[in-house]
Amino acid sequence: MSVTLDLKTTLIVLVLIALIILIIYAIVMIRKLLVTLNHTNKILEDFEVVSSIASERSQDVNNIITNVSGTVSDLSDAVKGNQTTVSAIASIVKSAASIKGMMSNDK
């Protein structure tokens, strides 16, 4: 019994088999890519939340620093005699209230 193989037909069959393997490999890679994209989207959403919280906190700290700076300036003026004692005490109370407000916002 003898079998005759045509070289052109054999090469076409091998190319088709390679193409089928390549398509299967591409499908598997696309599935893995979709899973990776889903994880990346979750991470980016978490990062957005964290960055917004950090932005709010930095603005709070900036306001507190501004209030404390104003209080120190007012105290300096009071020491120099340019401000009354009552307004200096009011400035200290305002800065203490803003610090207390920040501490209560952290909770």
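The values are calculated or read from the model by the stated rules, or taken from the named source; none is laboratory data. All of these numbers come straight from a predicted model, not from anything done at the bench. Cβ placement follows ideal geometry from the backbone for every residue including glycine, while neighbour counts extend to all protein chains displayed. Quick note on the areas: whole protein, heavy atoms, side chains included, nothing else; ligands and nucleic acids left out. Shrake-Rupley method; radii C 1.70, N 1.55, O 1.52, S 1.80 Å.
Odds and ends about this structure:
- Packing, as the average of other Cβ atoms within 10 Å across residues, places the peptides 65-76, 33-44, 2-13 in the order 65-76, 33-44, 2-13, highest first.
- Accessible area expressed per residue, the chain, with surrounding protein chains retained (probe 1.4 Å, Å²): 86 Å²
- To the nearest ten degrees, helix 7-80 and the longest principal axis of the Cα atoms of the chain are 0 degrees apart.
- Dipole of the chain, positive direction: furthest Cα of ILE20, ALA97, GLY70, with charges on the beta-carbon: ILE20
- The structure-derived value of mean projected area of the Cα convex hull in nm² appears in the list (1) 13.5; (2) 7.9; (3) 6.6 under the label (1).
- Estimated dipole of the stretch 3-68 in Debye, rounded to 20 [Cβ of Lys and Arg +1, of Asp and Glu -1, Cα centre]: 400 debye
- What a 1.4 Å probe finds exposed on the chain is 69% carbon and sulfur by accessible area, rounded to a whole percent.
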